[in-house]
Amino acid sequence: MTNERPVASPCVQVCALDDDDMCTGCQRTAAEITRWGRMDNDERRQVLVKCHERAVAAGMMFVAGA
């Protein structure tokens, strides 16, 4: 068993859901936000990858070399 620290929330204190129930601040869905406290670190990392992909797709973040 690993004593790994919990993966931190991506919350940036800009909490507003858009019409698709996506937070405009952290790019998590309402369901992901609700479940965050019950997710293990692997699930949390998967959500963080999705958040990054959503931010890139929305033009909120740029990827070098893309």
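Structure data summary
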| quantity | calculated |
| --- | --- |
| When residues of the stretch 20-39 are limited to those that are of a type in the set (D, E, K, R) and more than 21 Å from residue 61 (Cβ to Cβ), the one surrounded by the most Cβ atoms within 10 Å (Cβ to Cβ) | 35 |
| First in the stretch 38-66 and farther than 15 Å from residue 8 by Cβ, second anywhere and in a loop (DSSP other than H, G, I, E, B), Cβ under 7 Å, 6 or more apart | 54/27; 55/27; 55/61; 56/63 |
| Flag if residue 7 is β-branched (Val, Ile, Thr), touching a Leu at 6+ places or on another chain (Cβ under 8 Å) and assigned to a loop (DSSP other than H, G, I, E, B) | yes |
| Close pairs from the stretch 6-20: first free of Cβ contacts under 8 Å to residues at least 12 places away in the same chain, partner in a loop (DSSP other than H, G, I, E, B), Cβ under 8 Å, at least 6 apart | 15/25; 16/24; 16/25; 18/24 |
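All of the numbers you see were taken from the coordinates with simple rules; none came from a lab. Just so it is clear, the model here is predicted, and its values are computed rather than measured. Glycine gets a Cβ as well: all are built from the backbone with ideal geometry, and neighbour counts include every protein chain shown.
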